[in-house]
Amino acid sequence: MINPKYFIRLDQVEGLNDKDRADLKEVCDKFAFRANEYYLSLINWDDPDDPIRRIIIPDKAELENWGELDASNEEKYTISPGLEHKYEHTVVLLVSDTCGGYCRFCFRKRVFMNGNEEIGRDITEALVYIREHTEINNVLLTGGDPLLMSTGRLEKIISKLREIDHVKIIRLGTKIPSFNPYRILEDPSFLEMLNKYSTPDKKIYMMAHFNHPNELTEQALSAMHLVQKAGVTAVNQTPLIRGVNDTPEVLAELFDKLSFAGIPPYYAFQCRPTQGNGHLAIPVEEAYKLFEKARMMGSGLAKRARISMSHMDGKIEVLGLTKDNIIFRFHRSADPSRKACIQIFKRNPNAYWYDDYTEKIDEYVLDNPFL
């Protein structure tokens, strides 16, 4: 078995030479690097364009002046350290400031910087807030990665949430099945804990984060199978990343293999305009086209993903293109009165984000009880 050892430093990555390490030191001084032997073993070091390398190994292009650290303005919706409440029925708990590896396209890379205090070390205040807001039925545990916590510590959080009757769904946002499936394969207590708290009427969901078919190894699929056997519902979300899944063929293969394993594609995200992500981002309209071409190649079960932007104002789905226009829909809205709002803008092939569209053609908001 490959030892899924943590905290491999850049100077310990055998696939890099001394010049590579020297060139990348400045990048790592700004944006943290973290990997392990298992995940690095998936890289074909003879291929300079290997997609796993693209995900995990720093690139000097990260130093280009592009984007913001908090591209979706999560600070605006922060109630207390570690607690975000953006959508009425859902809260986000940032419970970990560590991941099994640091994706170079991470939209929350600020959390891994020195001096950041966004993670909830003590969730007591958050639990009081959730209890008092009975409209909340869905809690997402993320960070960082909650599966980097010990099973015992994670269970303390989940058990407390299960004491709140109106919390029906607990979600675990994690890339650990990709980065280190042995975390699941070698900890039966974790699976027992999932089985205990994922009940017939109150499920635990695992929001997996597979970005490329090469991550769907035998070990990763075995880990996901055990999670499913423990009563957890698994889905997958991935950003669309230049050099990783930016062809219809690769994206279709990812969607197919996920559906074969019973892990429905959930969201395909537009890469957020976060600092350091410029070379990894794909223009909105190009992303939409490759997404739809990929969906055409799969069965109905493989094409359940929605392509959307996690914008400050909500999850904005890209519904379609015409010759001249692009059509958006607020799949989720921070402002309840704008639920399902349809917007039509003049196309902009150079747009990377919703804010890059400035020529609005039309807008329609459905009648809803919030108006």
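The values are calculated or read from the model by the stated rules, or taken from the named source; none is laboratory data. Bear in mind that the values here come from a model prediction, so they are computed numbers and not experimental data. In this analysis, Cβ positions are derived from the backbone assuming ideal geometry, glycine residues included, and neighbour counts consider all displayed protein chains.
For the range 225-252, filtered to residues that are more than 17 Å from the chain's Cα centre (by Cα) and of a type in the set (A, V, I, L, M, F, W, C), the residue that is farthest from A302 (Cα to Cα) is A230. When the range 284-301 is filtered for residues that are surrounded by fewer than 18 Cβ atoms within 10 Å (Cβ to Cβ) and not charged (D, E, K, R), the ones remaining, listed by number, are M296, M297, S299, G300, L301.
List the helices (runs of 4 or more DSSP H) that sit entirely inside the range 145-233 and contain at least 1 residues that are among the charged types (D, E, K, R), over 19 Å from L40 (Cβ atoms) and modelled with pLDDT of 95 or more.
151-162, 188-197, 218-229
For the subset of the range 116-144 comprising residues that are among the polar types (S, T, N, Q) and part of a strand (DSSP E or B), which member is nearest to N180 (Cα to Cα)? Selected residue: T142.
Yes/no per residue for (1) surrounded by fewer than 18 Cβ atoms within 10 Å (Cβ to Cβ); (2) touching a Leu at 6+ places or on another chain (Cβ under 8 Å); (3) over 14 Å from A294 (Cα atoms):
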{"site": "H212", "(1), (2), (3)": "no, yes, no"}
{"site": "K229", "(1), (2), (3)": "yes, yes, yes"}
{"site": "T233", "(1), (2), (3)": "yes, no, yes"}
{"site": "N245", "(1), (2), (3)": "no, yes, no"}
{"site": "L251", "(1), (2), (3)": "no, yes, no"}
{"site": "D256", "(1), (2), (3)": "no, no, no"}
{"site": "Q270", "(1), (2), (3)": "no, yes, yes"}
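Of R347, R338, R304, all but one fail to be within 23 Å of A71 (Cβ to Cβ), modelled with pLDDT under 95 and surrounded by fewer than 20 Cβ atoms within 10 Å (Cβ to Cβ); the exception is R338.
Are any residues in the range 4-23 in a helix (DSSP H, G or I), of a type in the set (A, V, I, L, M, F, W, C) and more than 25 Å from the chain's Cα centre (by Cα), and if so, which ones? Listed by number, the list holds a single entry, A22. Residues that are more than 16 Å from R272 (Cα to Cα), modelled with pLDDT under 95, of a type outside the set (A, V, I, L, M) and outside the structural domain of D356 (by TED's automatic domain parsing) are absent from the range 54-65 altogether. Reported count of residues in the range 236-252, each being aliphatic (A, V, I, L, M), touching a residue at least 60 places away in the same chain (Cβ under 8 Å) and not in a loop (DSSP other than H, G, I, E, B), is 2. Taking the range 256-282 as the range and being touching a Pro at 6+ places or on another chain (Cβ under 6 Å) and within 29 Å of V27 (Cβ to Cβ) as the test, the residues that pass are F269, C271. Cβ-Cβ contacts under 6 Å between residues 6 or more apart (or on different chains), taken from a first residue in the range 122-151 that is over 26 Å from H209 (Cα atoms) to a second residue that is acidic (D, E), are listed as E135/E88.
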